[in-house]
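What follows is a short report on a single structure.
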Amino acid sequence: MWTNFFKLRLFCCLLAVLMVVVLVVNVTQVEYLDNETASATFIDSSGQFLSPKVTAVSRNPYCGYEHQALSTRERMEENSLLVASKWQVPELGPVPFVESTDPSSSYFVILNSAAFFKVGSQLEVIVHVQDYEGKAKKYGGDYLQARIHTPELQAGAVGRVVDYQNGFYKVFFTLLWSGTVHVSILLVHPSEGIRVLQHLQEEKPDRVYFKSLFRSGRISETTECNVCLPGGLPLCNFTDLYTGEPWFCFKPKKLPCSSRINHFKGGYLKGLLTSAESAFFQSGVNIKIPIKSSGPDWVTVLPRKKDTDNSELSQDSGTFPSGYYYEDQWRPRKFKMRQFNDPDQVTECLQRKMVYLFGDSTIRQWFEYLTAFVPDLVEFNLGSPKNVGPFLAVDQKHNILLQYRCHGPPIRFTTVFSNELRYVANELNGIVGGKNTVVAISIWSHFSTFPLEVYIRRLRNIRRAVVQLLDRSPKTVVVIRTANVQELGPEVSLFNSDWYTFQLDTILRRMFSGVGVYLVDAWEMTLAHYLPHKLHPDEIIVKNQLDMFLSFVCPVET
């Protein structure tokens, strides 16, 4: 018995020594890496990768977007945005699958995991990626997502990632609550997969295609439509006269362009990848797969003095992360958020207000939640197609109007009538505004397959309209809902990958910085939560988003 006991103690000691050796090696490597920060890839406000080495971006021309009539300032801004969203991947030839990043053989190490941390401290984690042969990777470019969480407290927050471009990554977390805090690292895509996604973005921007039905009397024809169409055939030009947003359809053979009656998603191009490229997009293998810890995956966090419920962190001066979950409630770090747990609280906040929701289906969720949660908000039947809109709800007793309208093309909904294809900028120009007017905008998912210039142009038009609205009616509340992470499989990755979305989110944040709008950080609110990632987040996340939105409309009185 005693012999077994001493053997067990010896084994534990040897294991501890081994862990210390691994940790020392990694710390030594990190200290070297920290001295090489000039070659590192740094992060932006949403906590991911940016490279200071990139000074210019070479872009393939698309649809005449390279000939846009931009001012010098707009051109400089566009180039700055393209640089900010540029992803650093090595210029390599074809890489065999066995030499690509293997999340199952990669690992992370928490620095000083045996120490006791305090609320507000920084936690640093080293990630070392290896390939399927167990060899250390010598280059970076992998897309990682990182968070800390305490399941029993329903607490979570996201982390910053630095890519050292040599197979090592460093992740920074701010410890925002006390207790046992776990670290989770996901490999979203290996760098080899990112190179494929980049190629698709530049060479196959038409991989989602659209159609319109033209009809006159008994004659009907359907043709393909898009931001850009190949030459050689007559086109119908549906470019918006005010914003200049381009949209074209192949001209019907028998009917005039004026006979268009609707717009709908045509489908997705198939056969985009070679068999070798497909290997980089395998569910359960290298798409959103956890990277395990070499050693403990948790740390102990002690409370601050007089810290019992972490409430003082709500007014923390830090900007990243923008907030965190605690007891399943989102807590912004620079803003006091209210909890609207009773329908009467929502009604009191929105009384005598007109609320306009513009964008995609992720903000349509707000309309659906509010009309289901608040009994007095009665939806008015406009005869609109399901999940498409426009939708209208009214509370006559409390004088509340709630409206949802989808953004203009490209929009991947089912059939949208042509006369309902409205650009957000034009809709904003028709709003008078004032203290009883609230506007919320979410526009991102349907732009993931296009070159970034297309998205930049759309946001520039919306921003111009927002600035004009706030100039004429400064008390108008304008809220921007950011993009969010979602579930990914091999096919979805090619069209709606989080990597594409991250680029759009980076651009969105930068373009609306300093404009005077409020931001609902749906990116962090979905990434930090314990529920699985979804394009349309579950109700508890939507509820937190709306609590944030309503807190902007009706802030805490000071």
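Based on C-alpha pairs under 8 angstrom that are at least 6 apart in sequence, the range 298-436 has a relative contact order of 18 percent. Annotation: Arg338 carries an accessible surface of approximately 70 Å², with a 1.4 Å probe and no ligand, DNA or RNA atoms counted. For the range 232-259 and the range 365-400, what is the separation of their C-alpha centers, rounded to whole Å? Using only Cα atoms to place each centre, the spacing works out to 34 Å.
The residues Val416, Val517, sorted by heavy-atom accessible surface at 1.4 Å with ligands and nucleic acids left out, run Val517, Val416 from largest to smallest. Give the carbon-plus-sulfur fraction of the accessible surface of the chain in %, rounded to a whole number; probe 1.4 Å, heavy atoms of protein chains only. C and S fraction of accessible area: 55 percent. Using only Cα atoms and rounding to the nearest 10 degrees, what angle (0 to 90) does helix 72-84 make with the longest principal axis of the chain? Approximately 40 degrees, to the nearest 10.
Excluding same-chain neighbours fewer than eight residues apart, the lysines reachable from Lys211 by a Cα-Cα span under 26 Å are Lys251, Lys253, Lys254, Lys265, Lys270, Lys386. Overall shape: oblate for the range 355-473, with the ratio a/c of the largest to smallest alpha carbon gyration tensor axis at 1.5 or above and b/c at least equal to a/b. Seen against the Cα atoms of the chain and their longest principal axis, helix 2-34 is set at about 50 degrees.
Accessible-area rank, largest first, for Ile185, Ile289, Ile219: Ile219, Ile289, Ile185, with all protein chains present and a 1.4 angstrom probe. Contact order for the range 434-558, expressed relative to its length and based on alpha carbon pairs under 8 Å spaced 6+ residues apart, stands at 31 percent.
Annotation note: trypsin sites (Lys or Arg not before Pro) in the range 350-453 located in DSSP loop regions with a Cβ neighbour count of at most 14 within 10 Å are Arg352, Lys386, Lys397, Lys435. Each other residue within a Cβ distance under 11 Å of Lys288 adds +1 if Lys or Arg and -1 if Asp or Glu, for a net charge of -2. Charge tally around Gly193: other residues with Cβ under 10 Å, Lys/Arg +1 each, Asp/Glu -1 each, net -2. Largest accessible area first, the listed residues Arg510, Arg481 line up as Arg510, Arg481 when surface is computed with a 1.4 Å probe on the assembled protein chains. For volume of the Cα convex hull per residue in Å³, the value calculated from this model appears in (1) 187; (2) 150; (3) 177 under label (1).
Taking every protein chain into account, the accessible area of the range 409-525 amounts to 28 square angstrom per residue (probe 1.4 Å).
The mean sequence separation of alpha-carbon pairs under 8 Å and at least six residues apart, normalised by the residue count of the chain, gives a relative contact order of 15 percent. Rolling a 1.4 Å probe over the protein heavy atoms gives the range 135-279 an accessible area of 41 Å² per residue. In a shell of Cβ-Cβ distance under 11 Å around His529, excluding His529 itself, what net charge do Lys and Arg (+1) and Asp and Glu (-1) give? So the environment of His529 carries a net charge of -1. The separation of the range 171-213 from the range 507-523, counted between C-alpha centres, amounts to 20 Å.
The values are calculated or read from the model by the stated rules, or taken from the named source; none is laboratory data. Since the structure is predicted, the reported quantities are computational estimates derived from the model, not experimental observations. Reconstructed Cβ throughout: ideal geometry from the backbone, glycine too, with neighbour counts over all protein chains shown. Accessible surface areas use protein heavy atoms only, side chains included; no ligands, DNA or RNA. Shrake-Rupley method; radii C 1.70, N 1.55, O 1.52, S 1.80 Å.
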